[in-house]
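The structure under discussion appears below in the form of structure tokens.
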Amino acid sequence: MEYSAVLNDSIEMEKAGEAYVYQKEDGKILAQMLKEVNKLYRTNFHYLAEMEAFHVRGSGEIMINYINQFRSEEIRAIIISHLVQDRVKGCEYTALQGYMHFKASDEYISAQGKPSPAHIHTRYDNAFRKLKPKRLKQDLLSLAGHPRDAYYLPFTMQMLASWHCPSLEEILISYAGGNSVTYESVGLPDKAEGFFPPLYAIKRELLFTALGGLKYYPSERVYEILNTFSKSPDKDIAYTANKSLRYLEKHSVECGGKDSWITC
């Protein structure tokens, strides 16, 4: 395996505690886990940066036995990626458990001086997208009803919409309206400053999620919502709404016209 200059720099930063920051106890568990991987697969990994750069096929079967021993949300999320790549049996439940652990952690909301948790929640979002775990549909729908989780899991939201989950329609409509997305609903104090992302950014991204997902819910009501946003002075919003409108119109033709939308 070739180590690039970027990877070598990442390893040096990890050694210095400037990247992949984790507690000493997690470092011991990581060393034990990688020792087992190295022994079985004849690798020579010692750092989290190496886990980021390379995937050893089958290593997920070892990592799943260690994941719940780690306190670091970043390490747990990186391990999830390996479990998904190996399609380890039951990894969809491990991913859900991992996300709920993250949701209850200090890293869930980024305050001033703290790094963005994007490098954590995007891994879970990609995991759910790749696994397409319909057995977890109700659990994921429960998360979809919380604005911050919906913001963190955009691919998962689109997946649920593509499954035509009935209860998701009202959730998407509420996000399109924006009134349900408040400081309280995203876990922030009123007029919070120093938090990332700010409330307006969450509301904007949830609007895009709503406009993209509503195309799977053909009805006059949805058509009117999308039509309204298609005339937005914001070109990105108008483009997304028009794209969904084109999908709806194609769908209506295939089903015999707008009157067939509800039953198609």
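The values are calculated or read from the model by the stated rules, or taken from the named source; none is laboratory data. As the structure is a prediction and not an experimental result, all values here were calculated from the model. When we count neighbours, we look across all protein chains shown, and the Cβ atoms used for this are built from the backbone with ideal geometry, even at glycine. For accessibility, only protein heavy atoms count, side chains too; no ligands or nucleic acids. Shrake-Rupley method; radii C 1.70, N 1.55, O 1.52, S 1.80 Å.
How much length is gained on full extension from Ala5 to Asp236, taking 0.36 nm per residue of separation minus their Cα-Cα distance? Kindly include the intermediate steps, with their values, before the conclusion.
Working: separation 231, 0.36 × 231 = 83.16 nm, distance 3.74 nm.
Full extension from Ala5 to Asp236 adds 79.4 nm.
Could you work out how far the C-alpha centroid of region 1-29 sits from that of region 121-181, in angstrom?
If you average the Cα positions of each part, the centres end up 33 Å apart.
I want to check the label-to-label distance for Glu18 and Lys89. Put each point 7 Å from Cα in the C-beta direction and report it in nm to one decimal.
4.5
Evaluate the charge dipole of the chain about its Cα centre and quote only its size in Debye, nearest 20, assuming +1 on the Cβ of each Lys and Arg and -1 on the Cβ of each Asp and Glu. Can you show the working numbers first?
Working: 32 positive and 33 negative charges, 139 e Å.
Computed charge dipole of the chain: roughly 660 debye.
Enter the per residue convex hull volume of the chain, computed from alpha-carbon coordinates, in Å³ rounded to the nearest integer. Please report the intermediate quantities before stating the final value.
Numbers: hull volume 40.7 nm³, N = 264.
Taking only Cα atoms, the chain has a hull volume of 154 Å³ per residue.
Which log10 I(q)/I(0) values, to two decimals, does region 103-189 give at q = 0.16, 0.22 Å⁻¹ under the Debye formula with one point per Cα?
Once normalised to I(0) and log-transformed, intensities are -0.66, -1.14.
Just the Cα atoms of region 5-100: what Rg and Dmax do they give in Å?
Looking at region 5-100, its Cα Rg and Dmax stand at 12.8, 36 Å.
At a Förster radius of 45 Å, what calculated FRET efficiency corresponds to the Cβ-Cβ distance of Tyr41 and Asn179, to the nearest 0.05?
Working: r = 53 Å, r/R0 = 1.17.
Efficiency, rounded to the nearest 0.05: 0.30.
In nm, to one decimal, how far is the Ala31 label point from the Glu193 one, both placed 7 Å along Cα→Cβ?
Using points 7 Å along Cα→Cβ, the separation is 4.5 nm.
I'd like the distance between the alpha-carbon centres of region 218-251 and region 75-98, rounded to an integer number of Å.
About 36 Å separates the Cα centre of region 218-251 from the one of region 75-98.
Ordering Asp190, Asp86, Asp236, Asp149 by how much accessible area each has at a 1.4 Å probe, largest first, what is the list? It would help to have the intermediate numbers written out before the result.
Values: Asp190 125, Asp86 35, Asp236 90, Asp149 0 Å².
The ranking, largest first, comes out as Asp190, Asp236, Asp86, Asp149.
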